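The structure under discussion appears below in the form of structure tokens.
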Amino acid sequence: MHAASRDVLEHLQSNLGLRGADLEASRAALHRFGNTSSSSIWYELAYLEAKGRVRRGDRVWQLAFGSGFKCNSAVWRAVRRVRRPSRSPWLDSIDQYPARMDA
């Protein structure tokens, strides 16, 4: 989910009935990169790949939104197991996440 702010993520989690783990990548992207607009969904996908959490057959739901009533989503299905990438915006810090972000 597009990581606009902690408040937005908390409201989405509550209103969509999601678990904290469902938003781990969103919270990590917000913590590391801040609000990068809708491009945050690609940092979040890279996070999941760097953590080795994308396996063949998995579905990944990306949700991004903007000002006003703009909202887009996509569901991707992994056609193969994604190995830990050799190039990623997370390589230098992936093992530091999930960080405690409630402080």
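What do you reckon, is A50 surrounded by 14 or more Cβ atoms within 10 Å (Cβ to Cβ), within 10 Å of the chain's Cα centre (by Cα) and closer than 18 Å to R87 by Cβ? Walk me through it before giving the result.
Working: surrounded by 14 or more Cβ atoms within 10 Å (Cβ to Cβ): yes; within 10 Å of the chain's Cα centre (by Cα): no; closer than 18 Å to R87 by Cβ: yes.
Answer is no for this residue.
Mind checking which helices (runs of 4 or more DSSP H) fall wholly inside the range 1-83 and carry at least 1 residues that are under 18 Å from I94 (Cα atoms)?
On the way: elements: 6-16, 24-33, 40-50.
Qualifying helices (runs of 4 or more DSSP H): 24-33, 40-50.
Can you name the residue in the range 66-96 that is of a type in the set (G, A, S) and in contact with a Lys or Arg (Cβ under 9 Å, 6 or more places away or on another chain) and is also surrounded by the fewest Cβ atoms within 10 Å (Cβ to Cβ) among such residues? Please lay out each step first, then the result.
Residues of the range 66-96 that are of a type in the set (G, A, S), as a first pass: 66-68, 73-74, 78, 86, 88, 93.
This time we only want the ones that are in contact with a Lys or Arg (Cβ under 9 Å, 6 or more places away or on another chain), so: 78, 93.
On the way: A78: 15, S93: 12.
Selected residue: S93.
Would you confirm, using the coordinates I've provided, whether A46 is touching a helix residue (DSSP H, G or I) at 6+ places or on another chain (Cβ under 7 Å) and closer than 24 Å to R6 by Cβ? Talk me through it step by step, then tell me what you get.
Numbers: touching a helix residue (DSSP H, G or I) at 6+ places or on another chain (Cβ under 7 Å): no; closer than 24 Å to R6 by Cβ: yes.
So A46 fails the test.
Among what's in the range 20-36 and is among the small types (G, A, S) and closer than 20 Å to S67 by Cβ, pick the residue that is farthest from the chain's Cα centre (by Cα). Before you say what the answer is, go through the steps one by one.
Going through the range 20-36, the residues among the small types (G, A, S) turn out to be 20-21, 25-26, 28-29, 34.
Filter once more, so that each one left must be closer than 20 Å to S67 by Cβ: 26, 29, 34.
Numbers: S26: 4, A29: 6, G34: 12 Å.
The selected residue is G34.
When the residues of the range 60-72 are filtered to those that are over 13 Å from the mean Cα position of the chain (by Cα) and on the phi < 0 side of the Ramachandran plot, which remaining residue is modelled with the highest pLDDT?
The initial filter retains those residues of the range 60-72 that are over 13 Å from the mean Cα position of the chain (by Cα), namely 65-72.
So of that shortlist, the ones also on the phi < 0 side of the Ramachandran plot come out as 65-67, 69-72.
Details: F65: 80, G66: 76, S67: 76, F69: 81, K70: 82, C71: 84, N72: 87.
Out of the qualifying residues, it is N72.
Quick one: would you say L63 is within 18 Å of R6 (Cα to Cα), surrounded by 11 or more Cβ atoms within 10 Å (Cβ to Cβ) and of a type in the set (A, V, I, L, M)? Talk me through it step by step, then tell me what you get.
Details: within 18 Å of R6 (Cα to Cα): yes; surrounded by 11 or more Cβ atoms within 10 Å (Cβ to Cβ): yes; of a type in the set (A, V, I, L, M): yes.
Spelling it out, L63 is indeed within 18 Å of R6 (Cα to Cα), surrounded by 11 or more Cβ atoms within 10 Å (Cβ to Cβ) and of a type in the set (A, V, I, L, M).
Before we move on, is L30 surrounded by 13 or more Cβ atoms within 10 Å (Cβ to Cβ), closer than 11 Å to M1 by Cα and in contact (Cβ under 8 Å) with a residue 12 or more places away in the chain?
Details: surrounded by 13 or more Cβ atoms within 10 Å (Cβ to Cβ): yes; closer than 11 Å to M1 by Cα: yes; in contact (Cβ under 8 Å) with a residue 12 or more places away in the chain: yes.
Yes: the conditions hold for L30.
Can you confirm whether A99 is outside any loop (DSSP other than H, G, I, E, B), out of contact with any Lys or Arg (no Cβ under 6 Å at 6 or more places or on another chain) and not acidic (D, E)?
Details: outside any loop (DSSP other than H, G, I, E, B): no; out of contact with any Lys or Arg (no Cβ under 6 Å at 6 or more places or on another chain): yes; not acidic (D, E): yes.
The answer is no for A99.
Condition check: in a loop (DSSP other than H, G, I, E, B), of a type outside the set (V, I, T) and under 14 Å from the mean Cα position of the chain (by Cα). Does P89 satisfy that?
Details: in a loop (DSSP other than H, G, I, E, B): yes; of a type outside the set (V, I, T): yes; under 14 Å from the mean Cα position of the chain (by Cα): yes.
The answer is yes for P89.
The values are calculated or read from the model by the stated rules, or taken from the named source; none is laboratory data. Computed from a prediction, not measured in an experiment: that's the story for all the values here. Using ideal geometry, Cβ is built from the backbone for each residue, glycine included, and neighbour counts are taken over all protein chains shown.
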